[in-house]
1. Please go through the range 192-203 and give me each residue that is among the charged types (D, E, K, R) and at pLDDT 90 or above, ordered by number.
2. With farther than 17 Å from K19 by Cβ and not basic (K, R) as the only criterion, which of I303, I350 stands out?
3. What strands (runs of 3 or more DSSP E) lie completely within the range 86-134 and have 2 or more residues being closer than 14 Å to T68 by Cα and within 51 Å of the chain's Cα centre (by Cα)?
4. Do we find that V190 is open to solvent by less than 10 Å² (accessible area, probe 1.4 Å), among the β-branched types (V, I, T) and over 23 Å from the mean Cα position of the chain (by Cα) in this structure?
5. Out of Y239, Y226, I need the residue that is without any contact (Cβ under 8 Å) to a residue 40 or more places away in the chain, of a type in the set (F, W, Y) and more than 30 Å from A57 (Cα to Cα). Which one?
6. Across the range 44-86, which residue is surrounded by the fewest Cβ atoms within 10 Å (Cβ to Cβ) among those that are within 15 Å of I114 (Cβ to Cβ) and of a type in the set (G, A, S)?
7. Hey, any hits in the range 413-420 for a residue that's more than 18 Å from the chain's Cα centre (by Cα) and not in a strand (DSSP E or B)?
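The values are calculated or read from the model by the stated rules, or taken from the named source; none is laboratory data. The structure displayed is predicted, hence computed values, not measured ones. Here the Cβ positions follow ideal geometry from the backbone for every residue, glycine too, while neighbour counts run over all protein chains shown. These accessible areas exclude ligands, DNA and RNA; they are computed on the full protein's heavy atoms, side chains included. Shrake-Rupley method; radii C 1.70, N 1.55, O 1.52, S 1.80 Å.
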Amino acid sequence: MLKNTIISWLGGNMFTFFKVKKVAEVLEEITKFPMLPEESLGLKEALGRYLAKDILAKEDLPPFSRATMDGYAVYARDTFGARESEPVILKIKGEIAMGEVPSFSLASGEAARIATGGMLPEGADAVVMLEYTEEEKGIIEVKRPVAPYENVIFKGEDFEKGTIVFPAGIKITPAVIGVLSGLGITQVEVGQRPKVGILSTGDELVLPEKELPLGKIRDINSYTLYSASLESGAIPTLYGIVPDVKEKLFVKVEKAIQENDVLLISGGSSVGTRDFTLEAISRLPEAELICHGVAVKPGKPTILGQVGSKAIFGLPGQVASALLIFYIMVRPLLLHMQGAKGEHLFLRKIMAYAARNIPSTPGREDYVRVKLSFSEKGVIALPILKKSGLISSMAEAHGFLRIPENSEGIYEGELAEVFLLP
């Protein structure tokens, strides 16, 4: 239990020992949180959500073989050897209008007029484009051969009836919605959106709309975390700024965790007499500590606790660190709760060449903010060498270059993983 990790010393001072985990260990713990219940949505409301169940094709897509060009439906073998000087002569059997079922089939030596999207008649396996033919008195001259299946999409070529179209856990994109609508599927089961409470701690903070007294700074973390949560599909709520007063923090934490699935507390996660986040979490019923410290830079003093089925993150107060930890750890949790699986849990990853030497300290993973550019060699990652207290470093970044925990750095020209920001 988390309470067992907190020991009170004489004078009311608090001693906490670090329960440090690696990033991979934290991510493994995240997938143990329960996913939220399912709900049914229409296609127009489902964009950006995650499928809760496999989708099976209840029919073939497309439902019939059709032309992809204006021209003539033919038996491809009849056109072999055709050229400008020696065209192949075919008899026109009829015409197929858009949206109608052909009333005839083709035999060898016959062709049918057909428009793009028209249904292929039985006996045809290709379409000759209009510009490679000449028609006169019921016959056509074909001046260029076509291969079997050329200029044709066949029945079930996209998806065959009974096959899995999309597995559970994928994100519903416009293209996914297009497939579902083409299959006549208008309702889908998706994971519910997690509710996220967000609060910032610190006597030095003021709201962005307030006048800024000397010695104070405006609250940035609440708004970056709110926006990032919204972008991750969650339903965020701001709980304001909490001063460095132990009891006030506990009251706000208690309320926020009751009303949300995930609570994000920025600031107050390191060891210090005025850092009460760990103690506030410990006083909650069923509270358990997953980690107090992560072997990562920036963001080492990150806390992750569990209260029943709910999660509490104590994030660094430094603005760039807080947002980076959100993308590395909080975002995967929010997506997991919505039903995302596998690669859909994480930021998209590419490989890029380092634009310069980037040193690192072994024993922790380094996530370096980078700008990306393109060269003949490939994608180039230029590190943004700014302190974690400067939000401009995140605003300028295209992604994070990852330096593995046992590495002393990345050399100029070396390929490295880069996680792209949404």
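1. R193, K195
2. On the way: I303 fails: farther than 17 Å from K19 by Cβ.
Exactly one residue qualifies, and that residue is I350.
3. Details: elements: 88-96, 110-114, 126-129.
Once the strands (runs of 3 or more DSSP E) in the range 86-134 are filtered for at least 2 residues that are closer than 14 Å to T68 by Cα and within 51 Å of the chain's Cα centre (by Cα), what remains is 110-114, 126-129.
4. Values: open to solvent by less than 10 Å² (accessible area, probe 1.4 Å): yes; among the β-branched types (V, I, T): yes; over 23 Å from the mean Cα position of the chain (by Cα): no.
Considered against the rule, which asks whether it is open to solvent by less than 10 Å² (accessible area, probe 1.4 Å), among the β-branched types (V, I, T) and over 23 Å from the mean Cα position of the chain (by Cα), V190 comes out as no.
5. Exactly one residue qualifies, and that residue is Y226.
6. A76
7. Taking the range 413-420 first, the residues more than 18 Å from the chain's Cα centre (by Cα) are 413-416.
Checking which are not in a strand (DSSP E or B) leaves us with 413-414.
Yes, the conditions are met somewhere in the range 413-420.
Per-residue answers, yes or no, for (1) surrounded by fewer than 20 Cβ atoms within 10 Å (Cβ to Cβ); (2) without any contact (Cβ under 8 Å) to a residue 40 or more places away in the chain; (3) within 15 Å of S200 (Cβ to Cβ):
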residue	(1), (2), (3)
I281	no, no, no
P298	no, no, no
L304	no, no, no
S309	yes, no, no
E343	yes, yes, no
